[in-house]
Structures are given as structure tokens and as C-alpha cells.
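Q: This structure is in C-alpha cells; I'll ask about it shortly.
The values are calculated or read from the model by the stated rules, or taken from the named source; none is laboratory data. Just so it is clear, the model here is predicted, and its values are computed rather than measured. Every residue, glycine among them, receives a Cβ derived from its backbone with ideal geometry; neighbour counts consider all protein chains shown. What goes into the accessible areas is simple: the full protein's heavy atoms, side chains included, and nothing from ligands, DNA or RNA. Shrake-Rupley method; radii C 1.70, N 1.55, O 1.52, S 1.80 Å.
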Amino acid sequence: MSADGHDQWHQHTADEGAPQQEHTAQASAKALGMTFIGMTLGVLFVIIVLVVYFNNYMSNYKASINENTEDAAAAWVEKQEIFAKIDAPIEAAIDEVIADYSSN
């Protein structure tokens with residue numbers, strides 16, 4: 001410490017030259033505010049894009065499920081009609097066999 005009670009590190013001599021400006025600039029409230037607004041708008045934009053994409057994807061997915069279900073239902077009705085045609089002679093044959101065995 002110097003005689004006046006100050007630390008020598010804080011004392012500047014003439015051989016140091018002119019004082020320099022600080023090496024880092026002061027934070028600008030305007031720049032910080034604009035950055036915050038830009039980031040907020042960017043996040044909102046990403047969220048909106050994701051919601052629109054999800055809704056579009058789910059709409060297409062639900063449509064494909066409904067189309068497949070409707071097609072499957074139509075195919076099932078057609079198969080039932082075919083099975084009914086096949087089952088009629090089989091049912092008649094079963095009835096004949098039962099009649100033959102019951103008469104014995």
C-alpha cells in the first residue's frame with residue numbers, strides 16, 4: 001500500500017500512457033430487447049409450424065385409417081356373401097347326414 005492508503009495496483013503512472021477504453025462494450029438495452037423479441041418470435045414461429053405440420057399429418061393419417069376401414073368393411077361384406085354361398089351346400093349336406101344318422 002502507498003502512503004495515502006491506496007493499493008498500488010490502482011495507482012497509474014505517467015509511463016502507462018493514455019487511459020484506454022474498456023475492452024468490452026456496455027450491454028445495450030435496445031439490442032438485448034430486440035434479441036429477446038427476435039428469439040420469442042422465432043420460438044412462436046417454430047411452434048406454429050409444428051402445430052400446422054402435426055394437424056396436417058394427423059388429418060392425412062386419420063383419412064387413411066378411415067379409407068382403410070371403409071374398404072375393409074366393404075371387403076368383409078363381400079367375403080360374407082361368398083361364405084354364405086359356400087356354406088349353403090355344406091349346411092344342406094350336414095342336415096342330410098344328421099337326418100341319415102337320426103333315422104338309424
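Q: Which residue fluctuates the most in the chain, going by a Gaussian network model with Cα springs under 10 Å, if the choices are GLY17, GLY33, GLY42?
A: GLY17
Q: If you don't mind, another one. So, with a 1.4 angstrom probe, what is the percent of accessible area on the chain that is carbon and sulfur?
A: Values: 6330 of 9870 Å².
Reported share for carbon and sulfur atoms: 64 percent.
Q: Next up: So which GluC sites (Glu not before Pro) in region 16-102 pass both tests, a DSSP loop state and at most 14 other Cβ atoms within 10 Å of the Cβ?
A: Of the GluC sites (Glu not before Pro), the ones in loops of region 16-102 whose Cβ has at most 14 other Cβ atoms within 10 Å are GLU22.
Q: Next question, about the same structure. By how many degrees, 0 to 90 and rounded to 10, does the Cα axis of helix 29-103 deviate from the longest principal axis of the chain?
A: Helix 29-103 sits roughly 10 degrees off the main axis of the chain.
Q: Do the sum for the chain: with -39,500 (n - 2.57) for every DSSP H run of n ≥ 4, divided by all residues, what is the mean residue ellipticity at 222 nm, to the nearest 500 deg cm²/dmol?
A: -27500 deg cm²/dmol
Q: Taking only protein heavy atoms and a 1.4 Å probe, what accessible area per residue, in Å², does the chain have with all protein chains in place?
A: Normalised by residue count, the accessible surface of the chain is 95 Å².
Q: Spelling out what I want: for every residue of region 17-22, take phi, set θ = phi - 60°, compute 6.51 cos²θ - 1.76 cosθ + 1.60 (Karplus), and round to whole Hz; glycine and proline get x.
A: x, 5, x, 9, 6, 4
Q: Here's another thing I want to ask about it. Evaluate the chain: find the radius of gyration of its Cα atoms, find its Kirkwood radius, and give the ratio Rg to Rh. Before the final figure, lay out each step's value.
A: Working: Rg = 44.0 Å, Rh = 24.2 Å.
Looking at the chain, the ratio lands at 1.82.
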